Amino acid sequence: MPKKNIDLICVGQLKSKIFSDLEKRILKKIRPQYKVNIIEIKDEKNINIDREKEVEKIKRLEGEKILSKIKKSSYVITLEIEGKQVKNLSLQDLVDNVEKDDITIIIGGSVGLYHKVSEKSDKKISISKLTFPHQLVRLLILEQFSL
């Protein structure tokens, strides 16, 4: 079975050395089985002038950057609050059972995903009903492939 190519598109970057070091360790463990490419999208500043308009503007700007990074041939998985709750190991099973070799997993920004990114998704998932920092979610997703 050929290696799956996984593009993990994340809004924002790992700012903590502890998280960066942990990500390197996880990637080292999973790279024999998966070819993982981390794609960081710069998060937009939230200045809170008109909250509703500002949120939509941020979603659109971040969303357009995300959309530009998705390969046309890729199976797209988005992390969304209203997505299907996944149990431990089922994310790895989901990826392994996708017929395509190119998989894109998208972790949106702090205000959520642009509707056009969500529409592009083949599978919408949720890792929890709880809210987690995006840096931690990134590590949680990667860790699913090392179990």
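The values are calculated or read from the model by the stated rules, or taken from the named source; none is laboratory data. Note that the coordinates shown come from a computational prediction; the quantities given were computed from them, not determined experimentally. Every residue, glycine among them, receives a Cβ derived from its backbone with ideal geometry; neighbour counts consider all protein chains shown. For accessibility, only protein heavy atoms count, side chains too; no ligands or nucleic acids. Shrake-Rupley method; radii C 1.70, N 1.55, O 1.52, S 1.80 Å.
Looking for whichever is at pLDDT 95 or above and either β-branched (Val, Ile, Thr) or within 27 Å of Ser20 (Cβ to Cβ) (or both) here; the options are Lys120, Lys71. Which one fits?
On the way: Lys120 fails: either β-branched (Val, Ile, Thr) or within 27 Å of Ser20 (Cβ to Cβ) (or both).
That would be Lys71, the only listed residue that is at pLDDT 95 or above and either β-branched (Val, Ile, Thr) or within 27 Å of Ser20 (Cβ to Cβ) (or both).
If a residue has to be within 21 Å of Pro133 (Cβ to Cβ) and over 15 Å from the mean Cα position of the chain (by Cα) to count, how many in region 1-26 make the cut?
Within region 1-26, the first condition is being within 21 Å of Pro133 (Cβ to Cβ), and the residues that meet it are 8-26.
Narrowing further to those that are over 15 Å from the mean Cα position of the chain (by Cα): 15-22, 24-26.
Summing the residues that are within 21 Å of Pro133 (Cβ to Cβ) and over 15 Å from the mean Cα position of the chain (by Cα) in region 1-26 gives 11.
Can you give me the number of residues within region 78-116 that are part of a helix (DSSP H, G or I) and β-branched (Val, Ile, Thr)? Lay out the reasoning, then the answer.
Initially, region 78-116 is screened for residues part of a helix (DSSP H, G or I), giving 90-97, 115-116.
Pick out the ones that are also β-branched (Val, Ile, Thr) and you get 95.
Result for region 78-116: 1.
Suppose the filter is free of Cβ contacts under 8 Å to residues at least 12 places away in the same chain and open to solvent by 60 Å² or more (accessible area, probe 1.4 Å); does Glu64 pass it? Give the steps one after another, and end with the answer.
Numbers: free of Cβ contacts under 8 Å to residues at least 12 places away in the same chain: no; open to solvent by 60 Å² or more (accessible area, probe 1.4 Å): yes.
Against the criterion (free of Cβ contacts under 8 Å to residues at least 12 places away in the same chain and open to solvent by 60 Å² or more (accessible area, probe 1.4 Å)), Glu64 does not qualify.
Run Glu23 past the list (1) open to solvent by 90 Å² or more (accessible area, probe 1.4 Å); (2) assigned to a helix (DSSP H, G or I) and report the number of the one that doesn't hold.
(1)
From the list Lys124, Lys87, Lys129, exactly one residue is of a type in the set (D, E, K, R), touching a helix residue (DSSP H, G or I) at 6+ places or on another chain (Cβ under 9 Å) and open to solvent by 40 Å² or more (accessible area, probe 1.4 Å). Which is it?
Being of a type in the set (D, E, K, R), touching a helix residue (DSSP H, G or I) at 6+ places or on another chain (Cβ under 9 Å) and open to solvent by 40 Å² or more (accessible area, probe 1.4 Å) holds for just one of Lys124, Lys87, Lys129, which is Lys124.
Filter region 99-110 down to residues that are at pLDDT below 95 and open to solvent by less than 30 Å² (accessible area, probe 1.4 Å), then give me how many there are.
Final tally of qualifying residues: 2.
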